[in-house]
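Report on the structure given below.
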Amino acid sequence: MDAWDAIRARRNVRRYTSTPIPDSDLDRILEAGWRSPSARNDQHWDFVLVTDHAALQDLSTVWMGAGHIAAAQAAIALVMPQPPDERTKLMDQYDLGQATMAMAIAATELGVGTGHSAIGDEDRARAILGVPDDHFVAYLLGLGYPADRPLRPIRKPNRRPFDEVVHRGRW
Ligand SMILES: Cc1cc2nc3c(=O)[nH]c(=O)nc-3n(C[C@H](O)[C@H](O)[C@H](O)COP(=O)(O)O)c2cc1C
């Protein structure tokens, strides 16, 4: 699958098969995050790869929208230091989005589905993952082969109309 097809095929996958993901594919997905751009090349992020099923079950309880992590074959926790100021906080959030998307596209190209989850219970997420107090778990990205349907370019994505979103030259 080329990059354009991977961009069009990526979607949130929340149901996964029980097929494990090869370590080499997990490493490639992580490398996509590692290669991502960040403001001033700060790279404040750390990524925690989780493949242990009991830990994945535990992680699925940290947020009402994290249920899909229970059946994932792996999850990547995106961890950031507590930001010292508002500007760093903004930049870090932007950087996290870029790293997440790079990993999602790399996964899609391998046929691996990804599903974001936010974090509700930050203390519990930190405890499960052994993350130090001066860092926070920003998001989880569940990984697994889709149990619903394969990843194929989506012809009509559920999006606001293209011409409403795109402005050319001026607003
Ligand atoms: C910042 C962010 C947080 C999200 N949090 C969750 C979440 O907690 N649980 C979940 O199931 N999906 C979560 N999603 C997935 C979105 O609901 C999903 O990306 C959106 O509905 C568009 O669908 P698509 O990814 O299939 O194109 C999150 C997405 C983003 C970008």
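The values are calculated or read from the model by the stated rules, or taken from the named source; none is laboratory data. Quick caveat: nothing in here was measured; it's all calculated off a predicted structure. Here the Cβ is made from the backbone with ideal geometry for all residues, glycine too, and neighbour counts use every protein chain on show. Keep in mind that these areas ignore ligands, DNA and RNA; they rest on the heavy atoms of the full protein, side chains included. Shrake-Rupley method; radii C 1.70, N 1.55, O 1.52, S 1.80 Å.
Points to keep in mind about this one:
- Any hit, segment 20-41, residues being within 15 Å of the ligand (Cβ to nearest atom), open to solvent by 40 Å² or more (accessible area, probe 1.4 Å) and not in a helix (DSSP H, G or I): no
- Yes/no for Val137 being out of contact with any Leu (no Cβ under 6 Å at 6 or more places or on another chain), exposed (fewer than 14 other Cβ atoms within 10 Å of the Cβ) and modelled with pLDDT of 95 or more: no
- Within segment 106-122, the residues that satisfy the criterion of being buried (at least 16 other Cβ atoms within 10 Å of the Cβ) and within 12 Å of the ligand (Cβ to nearest atom) are Thr108, Gly113, Thr114, Gly115, His116, Ser117, Ile119.
- Among the conditions (1) among the acidic types (Asp, Glu); (2) within 16 Å of the ligand (Cβ to nearest atom); (3) under 22 Å from Leu129 (Cα atoms), Asp5 misses just one, which is (3).
- Tally, over segment 143-171, of residues that are surrounded by 11 or more Cβ atoms within 10 Å (Cβ to Cβ) and either within 20 Å of Ala106 (Cβ to Cβ) or of a type in the set (Val, Ile, Thr) (or both): 8
- Condition met for Gly97 (within 17 Å of Arg11 (Cβ to Cβ) and buried (at least 22 other Cβ atoms within 10 Å of the Cβ)): no
- Qualifying residue in segment 52-68 (condition: open to solvent by 70 Å² or more (accessible area, probe 1.4 Å) and within 16 Å of Leu96 (Cβ to Cβ)): yes
- If you filter segment 123-133 down to residues that are open to solvent by 40 Å² or more (accessible area, probe 1.4 Å) and within 17 Å of Ser60 (Cβ to Cβ), you find that the one that is farthest from the ligand (Cβ to nearest atom) is Ala127.
- Take the conditions (1) under 23 Å from Tyr145 (Cα atoms); (2) open to solvent by less than 80 Å² (accessible area, probe 1.4 Å); (3) more than 17 Å from the chain's Cα centre (by Cα); Ala72 misses just one of them, which is (3).
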